[in-house]
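Read the structure below first, then the notes.
The values are calculated or read from the model by the stated rules, or taken from the named source; none is laboratory data. Given the structure is predicted, the values throughout are model-derived calculations rather than measurements. Neighbour counts run over all protein chains shown; Cβ positions are idealised from the backbone, glycine included. Accessible surface areas use protein heavy atoms only, side chains included; no ligands, DNA or RNA. Shrake-Rupley method; radii C 1.70, N 1.55, O 1.52, S 1.80 Å.
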Amino acid sequence: MRHGKKHNHLGRTTSHRKAMLANMASSLILHKRISTTLAKAKALRVYVEPIITKSKNDTTHSRRTVFSYLQDKEVVTILFREIAEKVANRPGGYTRIIKLNNRQGDNAEMALIELVDYNEVYGKDVEAKEEKKTTRRGRSKATAAPKAADANAEVTEEVAAPADEAPATEEPKGE
C-alpha cells in the first residue's frame, strides 16, 4: 500500500533524483520554460515552487538555502533579481504545465513547464478576444457607433456641397 508516500521517485536513486531536479530547476529559471515528460514536470513543480517562494525574501539565509538546492551561483542571482521581482505579489502558482503530444520514440507523455509571469502569449490572446465583441446582428459594437456618425456626416456634406455651388451649364458643342 502507498499510504503517506507523496513523492514520485521517477525510477531513480535519491542522489540521482535530487541532481536531476536541481538541473531541471536551474534550466527552468534560466530559460523560463522547458519541455520534459509529464511525470518529471509534476515532480519539478513540487521542487521549484518552494524555492521561488523562498526567493521573495532576499536575505543571506534564504540565498544560502536556495543555493543548497540549486548549486549554481548565476541561477541563484537571476532568481533573486529578476524572477523574485516579477512574482513578488503572486501568492503561489508560479509554474504552468501544458501537456504536449506523446514522444515519438517511446510514446511518453510530454509536457511544457513554464514560469507563469514570463509568458506574453496568453496575455495578448485575452486582450485580442475582448476587442472582438459583436452585436447580435453581426457587427462590431466598437465600430457600429462611429460608422453611423460618419455616415450622417457624409450625407450632410454631400447635400450641402451641391447647394453651395451654382449648377454648371454645359456649353453647346460644335456651334
Glu82 paired with Lys32, simple spin-label distance in nm, labels 7 Å along Cα-to-beta-carbon = 0.7 nm
May I ask you to rank Phe67, Phe80 by accessible area, largest first, using a 1.4 Å probe over the protein chains only?
-> Phe67, Phe80
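In percent, how large is the relative contact order of the stretch 25-95, given Cα pairs closer than 8 Å and 6 or more residues apart? Don't jump to the answer; show the numbers that get you there.
Values: 48 pairs, mean separation 27.7, N = 71.
Reported as a whole number, the value is 39 percent.
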Checking rank on 39-46, 95-102, with mean other Cβ inside 10 Å and highest first, the result is 39-46, 95-102
In Hz, Karplus ³J(HN,Hα) per residue of the stretch 22-36 (6.51, -1.76, 1.60; θ = phi - 60°; x = Gly, Pro) | 5, 5, 5, 5, 5, 5, 5, 5, 6, 9, 6, 7, 9, 10, 7
In the stretch 1-115, what percent of the accessible surface is made up of carbon and sulfur (1.4 Å probe, ligands and nucleic acids excluded)?
-> 50 percent
Spin-label model distance (nm) - Thr135 vs Val46, 7 Å beyond Cα toward Cβ = 5.6 nm
Spin-label zone in the stretch 9-42 - amide nitrogen under 20 Å from a point set 7 Å from the Cα of Gln71 along the C-beta vector | 9-31, 40-41
Cα centroids of the stretch 63-125 and the stretch 24-39: how far apart, whole angstrom?
-> 6 Å
